[in-house]
Amino acid sequence: MGVITVFDSFLLLEHFLGMNVSLTPELEKFVQKEVAGGLYQTASEVVRAGLRRLKEDKKPHPRELPSTLKELEDDLARSIASIDRGEGIDGEEAFRRFQKKIKARGRG
């Protein structure tokens, strides 16, 4: 059997005991308030809820599509007005941005 180093012991301890996180005094008060409010039983539950929310916020959310012909026509009119005001980008630039996003997803 191999020798267990102090570093190995630390990793095992962290694995079995969980992660230790430092909070600012402001965040610590917020967590305490949430637990005192009764919705959460422990500080860990509050932190996990916050991390789940952060993870959800980072997911791409598809744009809501128009559900009626009127909504579609209104969206189209707004887009045309935006282009008429010079707020659009040319097709080549749009294509470059699209390619850049595709490449970035391939690396992620």
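The values are calculated or read from the model by the stated rules, or taken from the named source; none is laboratory data. Bear in mind that the values here come from a model prediction, so they are computed numbers and not experimental data. Backbone-built Cβ (ideal geometry, glycine too); neighbour counts: all protein chains shown.
Please find, among Lys70, Lys59, Lys33, Lys29, the residue that is loosely packed, with under 10 Cβ neighbours inside 10 Å and modelled with pLDDT of 85 or more. If you could, list the steps in order and put the result at the bottom.
Details: Lys59 fails: modelled with pLDDT of 85 or more; Lys33 fails: loosely packed, with under 10 Cβ neighbours inside 10 Å; Lys29 fails: loosely packed, with under 10 Cβ neighbours inside 10 Å.
Of the residues listed, the single one that is loosely packed, with under 10 Cβ neighbours inside 10 Å and modelled with pLDDT of 85 or more is Lys70.
Any residue at all in the stretch 14-22 that's at pLDDT 90 or above and among the small types (Gly, Ala, Ser)?
To start, the set of residues in the stretch 14-22 that are at pLDDT 90 or above comprises none.
No, there is no match, as no residue in the stretch 14-22 is at pLDDT 90 or above and among the small types (Gly, Ala, Ser).
Taking the condition surrounded by 10 or more Cβ atoms within 10 Å (Cβ to Cβ) and in contact (Cβ under 8 Å) with a residue 12 or more places away in the chain, does Ala81 pass? Walk me through it before giving the result.
Values: surrounded by 10 or more Cβ atoms within 10 Å (Cβ to Cβ): yes; in contact (Cβ under 8 Å) with a residue 12 or more places away in the chain: no.
So Ala81 does not fit the description; no.
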